[in-house]
Every structure is written in C-alpha cells, then in structure tokens.
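Input: a single structure, listed below in structure tokens.
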Amino acid sequence: MVKILDLSYGMEQGFNQAITLAKDALKNVRLVQEQEMIRKFMDHINKDTNLIIYGVNETMKKLEELAIETLIVYENLEY
C-alpha cells in the first residue's frame, strides 16, 4: 500500500512530519512505537504523576517488587 503525504517541511523536520502523518500506516514500525513510548514518558513527567523513577537503585527495587510496566534503558548501560 502506498500512502501519499502532503508535507510542509523538508529535511529532518519533514521526515518527522511524515512519520507523524503516516502514524496509522506505520503503527508496527519500531520507530513509531518508540516515539509513542517516549511521548507517554514525557506526559508522565509533565503531569508529575509520580509514575516515573530514575536511577539504578530505585529501578532495581521496583523491578524486584514487579512494579514496572515499561523500562527504558540506555543502550550502552554498563551495569
């Protein structure tokens, strides 16, 4: 299936706009899934929901409690 998009921008900004506009067609693409995860993360931070934790010790404690729904880890984390 080919989807034609009308973009207002070029270069990286246009690429990001294309991804946003084609979100439904790309819903199974990893980049879109990761963007949605980061959007939810930022929403929790902005709304101060207290559902976000930082740091290795805090994270390990919540993992042991089985209290983590989504875990975002730096790809090159040395632990």
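Only one of Leu51, Leu71, Leu66, Leu31 is at pLDDT below 85 and aliphatic (A, V, I, L, M). Can you tell me which?
Result of the check over Leu51, Leu71, Leu66, Leu31: Leu31.
What residue, among those in the range 18-45 that are free of Cβ contacts under 8 Å to residues at least 12 places away in the same chain, more than 26 Å from Ala67 (Cα to Cα) and not acidic (Asp, Glu), is surrounded by the fewest Cβ atoms within 10 Å (Cβ to Cβ)?
Only one residue tops the list, namely Asn28.
Which of the residues belonging to the range 1-14 are aromatic (Phe, Trp, Tyr) and surrounded by 12 or more Cβ atoms within 10 Å (Cβ to Cβ)?
Once the filter is applied, which keeps residues that are aromatic (Phe, Trp, Tyr) and surrounded by 12 or more Cβ atoms within 10 Å (Cβ to Cβ), the range 1-14 yields nothing.
Quick check on Thr59: is it of a type in the set (Ser, Thr, Tyr), over 12 Å from the mean Cα position of the chain (by Cα), surrounded by 12 or more Cβ atoms within 10 Å (Cβ to Cβ) and farther than 30 Å from Phe15 by Cα?
It is true that Thr59 is of a type in the set (Ser, Thr, Tyr), over 12 Å from the mean Cα position of the chain (by Cα), surrounded by 12 or more Cβ atoms within 10 Å (Cβ to Cβ) and farther than 30 Å from Phe15 by Cα.
Give me the pairs: first residue in the range 46-74 and among the β-branched types (Val, Ile, Thr), second residue assigned to a loop (DSSP other than H, G, I, E, B), beta-carbon distance under 7 Å, and six or more apart or on different chains, which are they?
Matching pairs, first to second residue: Val56/Tyr79; Thr59/Ile53.
I'd like the full set of residues that are of a type in the set (Val, Ile, Thr), within 27 Å of Asn16 (Cβ to Cβ) and in a loop (DSSP other than H, G, I, E, B), limited to the range 28-79.
Val29, Thr49, Ile52, Thr70, Ile72, Val73 - these are the residues of the range 28-79 that are of a type in the set (Val, Ile, Thr), within 27 Å of Asn16 (Cβ to Cβ) and in a loop (DSSP other than H, G, I, E, B).
Residues in the range 6-27 that are part of a helix (DSSP H, G or I) and either over 14 Å from the mean Cα position of the chain (by Cα) or among the polar types (S, T, N, Q) (or both): how many?
Selection size over the range 6-27: 10.
The values are calculated or read from the model by the stated rules, or taken from the named source; none is laboratory data. Remember, predicted model here, so these are calculated numbers, not experimental data. Quick reminder, even Gly has a Cβ in these numbers, built from the backbone with ideal geometry, and neighbours come from all protein chains shown.
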